[in-house]
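Report on the following structure.
The values are calculated or read from the model by the stated rules, or taken from the named source; none is laboratory data. Worth saying up front: this structure is predicted, and the values here are computed from it rather than measured. Cβ placement follows ideal geometry from the backbone for every residue including glycine, while neighbour counts extend to all protein chains displayed.
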Amino acid sequence: MSETPTATATSTGAGTFQSRLDIAGAPLIADEPVSLGGLGTGPGPYDLLAAALATCTTMTLRFYAQRKGWDIGEVSTHVTHHRDAAQQPADVFTREITLSPGMDPDRREELLGIANRCPVHKTLTAGATVATSLVEEGNVR
């Protein structure tokens, strides 16, 4: 995997939304569900964003525990996303972390705090700048 995150989405021509993704050299198909007019052939953009938060959280907790010399067993993070226009911000990500049973309560609490230090969590809560430009067809990456 590259040190600088890269992702490219190219429309496949199948359906309105289906895209072929290249994420750091790994191929994937993204789409929208049938209920939203897609073919339902892959995760949608918000599924991928939720997956980024779930993956980063799990990796951060494992990395932190390793540095502390803790054997914490399996870590699982489940993330859901919904929009609530009446709420600010309107996008709400709900994150549920499952740690191995029997872990010391103080250690569990420390790990819960560390979850908020995952880089994707920080990006989502701080906001980000998106710089956009058009590229001539022959110069596509």
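Annotations
- For Val130, the conditions (1) modelled with pLDDT of 95 or more; (2) assigned to a loop (DSSP other than H, G, I, E, B) all hold with the exception of (1).
- When residues of the range 61-74 are limited to those that are of a type in the set (D, E, K, R) and either in contact with a Ser or Thr (Cβ under 7 Å, 6 or more places away or on another chain) or outside any helix (DSSP H, G or I) (or both), the one farthest from Thr12 (Cα to Cα): Asp71
- Some residue of the range 114-122 being in contact (Cβ under 8 Å) with a residue 24 or more places away in the chain, more than 13 Å from the chain's Cα centre (by Cα) and farther than 18 Å from Ala52 by Cα: no
- Any chance Leu61 is touching a residue at least 60 places away in the same chain (Cβ under 8 Å), in contact with a strand residue (DSSP E or B) (Cβ under 6 Å, 6 or more places away or on another chain) and not small (Gly, Ala, Ser): no
- Candidates Thr41, Thr8, Thr77, Thr58 - the one that is part of a strand (DSSP E or B), surrounded by 16 or more Cβ atoms within 10 Å (Cβ to Cβ) and either of a type in the set (Val, Ile, Thr) or at pLDDT below 95 (or both): Thr77
- Thr123 being in contact with a Ser or Thr (Cβ under 6 Å, 6 or more places away or on another chain), under 30 Å from Ser11 (Cβ atoms) and of a type in the set (Ser, Thr, Tyr): no
Rundown of residues vs (1) polar (S, T, N, Q); (2) over 20 Å from Leu48 (Cα atoms); (3) touching a residue at least 12 places away in the same chain (Cβ under 8 Å), yes/no style:
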{"position": "Arg67", "(1), (2), (3)": "no, yes, no"}
{"position": "Gly73", "(1), (2), (3)": "no, yes, yes"}
{"position": "His78", "(1), (2), (3)": "no, no, yes"}
{"position": "Ala85", "(1), (2), (3)": "no, yes, no"}
{"position": "Thr129", "(1), (2), (3)": "yes, no, no"}
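- Against the criterion of being part of a helix (DSSP H, G or I), in contact with a helix residue (DSSP H, G or I) (Cβ under 9 Å, 6 or more places away or on another chain) and surrounded by 13 or more Cβ atoms within 10 Å (Cβ to Cβ), Arg95 does not qualify.
- Some residue of the range 113-121 being outside the structural domain of Ala24 (by TED's automatic domain parsing), of a type in the set (Val, Ile, Thr) and touching a Cys at 6+ places or on another chain (Cβ under 7 Å): yes
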